[in-house]
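**Student:** Quick one: the structure is below, questions incoming.
The values are calculated or read from the model by the stated rules, or taken from the named source; none is laboratory data. A quick note: this is a predicted structure, and the numbers were derived from the prediction, not measured. When we count neighbours, we look across all protein chains shown, and the Cβ atoms used for this are built from the backbone with ideal geometry, even at glycine.
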């Protein structure tokens with residue numbers, strides 16, 4: 001197995017919670033793309049602290065820990081004591097004890113819309129993967145991320161793209177945009193395009209250092225190497241058409257204003 005980021009065989013983990021991982025399906029393919037996009041902008045190693053907001057059961061953190069050995073911490077809103085039931089209900093995963101998924105990283109229960117992150121420290125990286133579209137108070141969410149990042153730290157976001165190629169076809173034909181909701185199902189209450197996401201986050205003291213798509217072509221073809229290479233090329237060159245965006249921002253550092 002190759003460990004090179006971006007290689008067709010890249011897979012940071014082979015199993016998770018006793019189950020085999022398919023690197024070409026959600027969420028694992030997205031996780032590898034996030035690490036691929038963010039990796040060049042910070043020296044990922046065991047000295048790096050990474051806080052993942054909306055971490056579920058630490059699936060992404062397991063990838064980051066496996067590949068880089070980072071100090072991994074996560075925030076979500078479920079009680080640790082309810083882990084077995086949450087895994088069964090939302091992930092169709094049968095486990096016997098919370099330690100099967102909550103070990104090796106630090107989990108913190110927070111209702112961030114009410115109490116924020118409530119953590120008395122700053123981190124090298126904060127990520128929110130498919131999170132900001134669920135936030136009613138997006139200003140508050142971005143401000144919390146900023147407050148809990150070290151100067152020069154990275155904010156890594158992924159989110160649906162309202163201007164995806166799919167929506168550019170569907171909306172002129174009178175179809176409802178993909179990713180939006182007229183009633184609460186998965187609680188997508190905010191949708192961004194690349195320009196607005198950049199403008200909004202940068203208004204809080206960040207500079208965007210990278211923008212790519214997760215995928216560009218239909219995901220059903222990712223099992224073919226040539227198709228996967230083409231998809232990654234298009235996702236890098238034409239992210240404004242991708243179904244989901246990956247954006248990396250650096251918090252301004254007054255002591256090193258030239259660092260990008």
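**Student:** Here are some residues: 238, 234, 196, 222. Which one is surrounded by fewer than 21 Cβ atoms within 10 Å (Cβ to Cβ), in contact (Cβ under 8 Å) with a residue 60 or more places away in the chain and over 17 Å from the mean Cα position of the chain (by Cα)? Steps first, please.
**Tutor:** Details: 238 fails: in contact (Cβ under 8 Å) with a residue 60 or more places away in the chain; 234 fails: in contact (Cβ under 8 Å) with a residue 60 or more places away in the chain; 196 fails: in contact (Cβ under 8 Å) with a residue 60 or more places away in the chain.
Of the residues listed, the single one that is surrounded by fewer than 21 Cβ atoms within 10 Å (Cβ to Cβ), in contact (Cβ under 8 Å) with a residue 60 or more places away in the chain and over 17 Å from the mean Cα position of the chain (by Cα) is 222.
**Student:** If only one of 201, 214 is touching a residue at least 40 places away in the same chain (Cβ under 8 Å) and within 18 Å of residue 27 (Cα to Cα), which one is it? Talk me through it step by step, then tell me what you get.
**Tutor:** Numbers: 201 fails: within 18 Å of residue 27 (Cα to Cα).
Every option except 214 fails the conditions.
A quick yes/no check of all residues on (1) within 27 Å of residue 236 (Cα to Cα); (2) touching a residue at least 60 places away in the same chain (Cβ under 8 Å):
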residue: 55; (1), (2): yes, no
residue: 93; (1), (2): no, yes
residue: 126; (1), (2): yes, yes
residue: 138; (1), (2): yes, yes
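**Student:** What about residue 187, is it touching a helix residue (DSSP H, G or I) at 6+ places or on another chain (Cβ under 6 Å), exposed (fewer than 14 other Cβ atoms within 10 Å of the Cβ) and under 28 Å from residue 113 (Cβ atoms)?
**Tutor:** Details: touching a helix residue (DSSP H, G or I) at 6+ places or on another chain (Cβ under 6 Å): yes; exposed (fewer than 14 other Cβ atoms within 10 Å of the Cβ): yes; under 28 Å from residue 113 (Cβ atoms): yes.
Spelling it out, residue 187 is indeed touching a helix residue (DSSP H, G or I) at 6+ places or on another chain (Cβ under 6 Å), exposed (fewer than 14 other Cβ atoms within 10 Å of the Cβ) and under 28 Å from residue 113 (Cβ atoms).
Let's see how each residue does on (1) assigned to a helix (DSSP H, G or I); (2) in contact with a strand residue (DSSP E or B) (Cβ under 9 Å, 6 or more places away or on another chain); (3) crowded, with 21+ Cβ neighbours inside 10 Å:
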| residue | (1), (2), (3) |
| --- | --- |
| 62 | yes, yes, yes |
| 66 | yes, no, no |
| 73 | no, yes, yes |
| 78 | no, yes, no |
| 81 | yes, no, no |
| 84 | yes, no, no |
| 87 | yes, no, no |
| 96 | no, no, no |
| 101 | yes, yes, yes |
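**Student:** Output the number of residues of the stretch 153-178 satisfying the condition of being free of Cβ contacts under 8 Å to residues at least 40 places away in the same chain and within 30 Å of residue 123 (Cβ to Cβ). Break it down into steps so the answer makes sense when it comes.
**Tutor:** Of the stretch 153-178, the ones free of Cβ contacts under 8 Å to residues at least 40 places away in the same chain are 162, 167, 169-177.
Narrowing further to those that are within 30 Å of residue 123 (Cβ to Cβ): 162.
Residues in the stretch 153-178 being free of Cβ contacts under 8 Å to residues at least 40 places away in the same chain and within 30 Å of residue 123 (Cβ to Cβ): 1 in total.
**Student:** Please give the number of the condition residue 147 fails out of (1) at pLDDT 95 or above; (2) under 23 Å from residue 27 (Cβ atoms).
**Tutor:** Result: residue 147 fails condition (2) only.
**Student:** Right, next: Restricting attention to the stretch 32-42, does a residue exist that is outside any helix (DSSP H, G or I) and in contact with a helix residue (DSSP H, G or I) (Cβ under 8 Å, 6 or more places away or on another chain)?
**Tutor:** Residues of the stretch 32-42 that are outside any helix (DSSP H, G or I), as a first pass: 42.
Filter again for in contact with a helix residue (DSSP H, G or I) (Cβ under 8 Å, 6 or more places away or on another chain), leaving none.
No, because not a single residue in the stretch 32-42 is outside any helix (DSSP H, G or I) and in contact with a helix residue (DSSP H, G or I) (Cβ under 8 Å, 6 or more places away or on another chain).
**Student:** For residue 200, work out the one condition from (1) farther than 16 Å from residue 244 by Cα; (2) touching a helix residue (DSSP H, G or I) at 6+ places or on another chain (Cβ under 6 Å) it doesn't fulfil.
**Tutor:** (2)
**Student:** Then there is this: Being part of a helix (DSSP H, G or I), crowded, with 17+ Cβ neighbours inside 10 Å, modelled with pLDDT of 95 or more and within 19 Å of the chain's Cα centre (by Cα) is the requirement here; does residue 248 meet it? Please lay out each step first, then the result.
**Tutor:** Values: part of a helix (DSSP H, G or I): no; crowded, with 17+ Cβ neighbours inside 10 Å: yes; modelled with pLDDT of 95 or more: yes; within 19 Å of the chain's Cα centre (by Cα): yes.
Criteria not met by residue 248.
**Student:** Test residue 181 against the stated conditions and say whether it is without any contact (Cβ under 8 Å) to a residue 12 or more places away in the chain and surrounded by fewer than 20 Cβ atoms within 10 Å (Cβ to Cβ). Can you show your working first?
**Tutor:** Values: without any contact (Cβ under 8 Å) to a residue 12 or more places away in the chain: yes; surrounded by fewer than 20 Cβ atoms within 10 Å (Cβ to Cβ): yes.
Against the criterion (without any contact (Cβ under 8 Å) to a residue 12 or more places away in the chain and surrounded by fewer than 20 Cβ atoms within 10 Å (Cβ to Cβ)), residue 181 qualifies.
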